[in-house]
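To start, the structure under review is shown below, and the notes come after it.
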């Protein structure tokens, strides 16, 4: 489980992705060699966060990539467009295998100072 915070939705979603990939791999060692463009939608901001993180997990399998840089280009409470960067999977940079995001204690909420999220990963 991890928590992420941000002053804006953009910052929250970038920080949540970084936190999750800090579990999946040794993110500080992953070079931003290849970029991918991602579009994600959801019913609301909570659903959007869930779908965003699930999409990123799927890239580990489908693109065989560890990700280390996340740039939200456009975001509202139901849609986002982003660029992500990373490199091919390598055993020496592996962390914990994350199979997915669970709804256990999952939350995304507006706070007086910005946004807060709590995410539990299925490992």
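The values are calculated or read from the model by the stated rules, or taken from the named source; none is laboratory data. Not measured: the values here are computed from a predicted model. When we count neighbours, we look across all protein chains shown, and the Cβ atoms used for this are built from the backbone with ideal geometry, even at glycine.
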Checking 47, 61 in turn, the sole residue that is modelled with pLDDT of 95 or more, surrounded by fewer than 18 Cβ atoms within 10 Å (Cβ to Cβ) and part of a helix (DSSP H, G or I) turns out to be 47
In the stretch 109-119, residues that are touching a residue at least 60 places away in the same chain (Cβ under 8 Å), loosely packed, with under 15 Cβ neighbours inside 10 Å and touching a strand residue (DSSP E or B) at 6+ places or on another chain (Cβ under 7 Å) total 1
Condition set surrounded by fewer than 16 Cβ atoms within 10 Å (Cβ to Cβ), in contact with a strand residue (DSSP E or B) (Cβ under 9 Å, 6 or more places away or on another chain) and in contact (Cβ under 8 Å) with a residue 24 or more places away in the chain, scope the stretch 84-103, selection nearest to residue 54 (Cα to Cα): answer is 100
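Considering every residue within the stretch 29-38, establish whether at least one is touching a helix residue (DSSP H, G or I) at 6+ places or on another chain (Cβ under 8 Å) and within 20 Å of residue 122 (Cβ to Cβ).
In the first step, residues of the stretch 29-38 are kept if they are touching a helix residue (DSSP H, G or I) at 6+ places or on another chain (Cβ under 8 Å); the result is 29-30, 36, 38.
The next check asks that each one be within 20 Å of residue 122 (Cβ to Cβ); those that pass are none.
No.
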